[in-house]
Amino acid sequence: MVRNLYILIIFGLLFPSNNWEVISEKPILIKVFRGDYPNCQAEIIIDESIDDILTVIEDVNNYKLFFDSIVISIKNDEEQVRLGIDMPFPFSDRDYTVKFNRLVNGDEISYLYNPIVSDNFPLDDNYIRLIEARGGWVLSKINDKKTLVVYKWNGDMRGDFPKWGYSQAWKKQGNEIMLNLEKEVNRRSKSND
């Protein structure tokens, strides 16, 4: 319980609720808070239950199959995760190692990640490691078949990524993550009918 409270406090401090700059409203609402690290947030309402959406979000090993830019998605027996991101030419690909925590608070479920260093996922010279990667999903029940999905992430790209390209990268990431999530949730829902 103390650990969950600590995570919620850190998440709240990391992503303050005011002073957000809207950088895109369609097809997905995407906002950024520019502080020491740029914190990004994307929002969508999906016409499915929290449980159906959470099933997809927690299927980390298969992210590479339904998120367009994810090329590596490995979750080991110790619940440690490595995700690799395919970046457009001429930029170097990125990766990060994290651990997810699931928090339940009434009609809201959070699936948040924080950076870790793991011997199981050593540095790979083909990737720039995002050592401060943190963020996650917050699902809020609107009704039994409608859920507000918020995805938050640290938008720092490190390495050779130019500052002028950040806003475009955040828009691409926010739109891709949310639209790919919605597509996969709908695909699984139809296959279960």
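Which one of VAL32, VAL56 is more than 25 Å from GLY165 (Cα to Cα), in contact (Cβ under 8 Å) with a residue 40 or more places away in the chain, of a type outside the set (Lys, Arg) and crowded, with 18+ Cβ neighbours inside 10 Å? Can you show your working first?
On the way: VAL32 fails: more than 25 Å from GLY165 (Cα to Cα).
Exactly one of VAL32, VAL56 is more than 25 Å from GLY165 (Cα to Cα), in contact (Cβ under 8 Å) with a residue 40 or more places away in the chain, of a type outside the set (Lys, Arg) and crowded, with 18+ Cβ neighbours inside 10 Å, namely VAL56.
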*Any helices (runs of 4 or more DSSP H) falling wholly within segment 1-81 and containing at least 2 residues that are at pLDDT 95 or above*: 50-57, 63-66
_Test set (1) touching a helix residue (DSSP H, G or I) at 6+ places or on another chain (Cβ under 7 Å); (2) surrounded by fewer than 19 Cβ atoms within 10 Å (Cβ to Cβ); (3) in contact (Cβ under 8 Å) with a residue 24 or more places away in the chain - PHE91 fails condition number_ = (1)
*For residues in segment 141-171 being free of Cβ contacts under 8 Å to residues at least 24 places away in the same chain and under 19 Å from the mean Cα position of the chain (by Cα), which is surrounded by the most Cβ atoms within 10 Å (Cβ to Cβ)?*
ALA169
*Residue check: is LYS190 in contact with a Ser or Thr (Cβ under 8 Å, 6 or more places away or on another chain) and loosely packed, with under 14 Cβ neighbours inside 10 Å?*
no
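The values are calculated or read from the model by the stated rules, or taken from the named source; none is laboratory data. Note that the structure is a prediction, hence the values are computed from the model and not measured. Cβ sites come from the backbone with ideal geometry, for glycine too, and all protein chains shown count toward neighbours.
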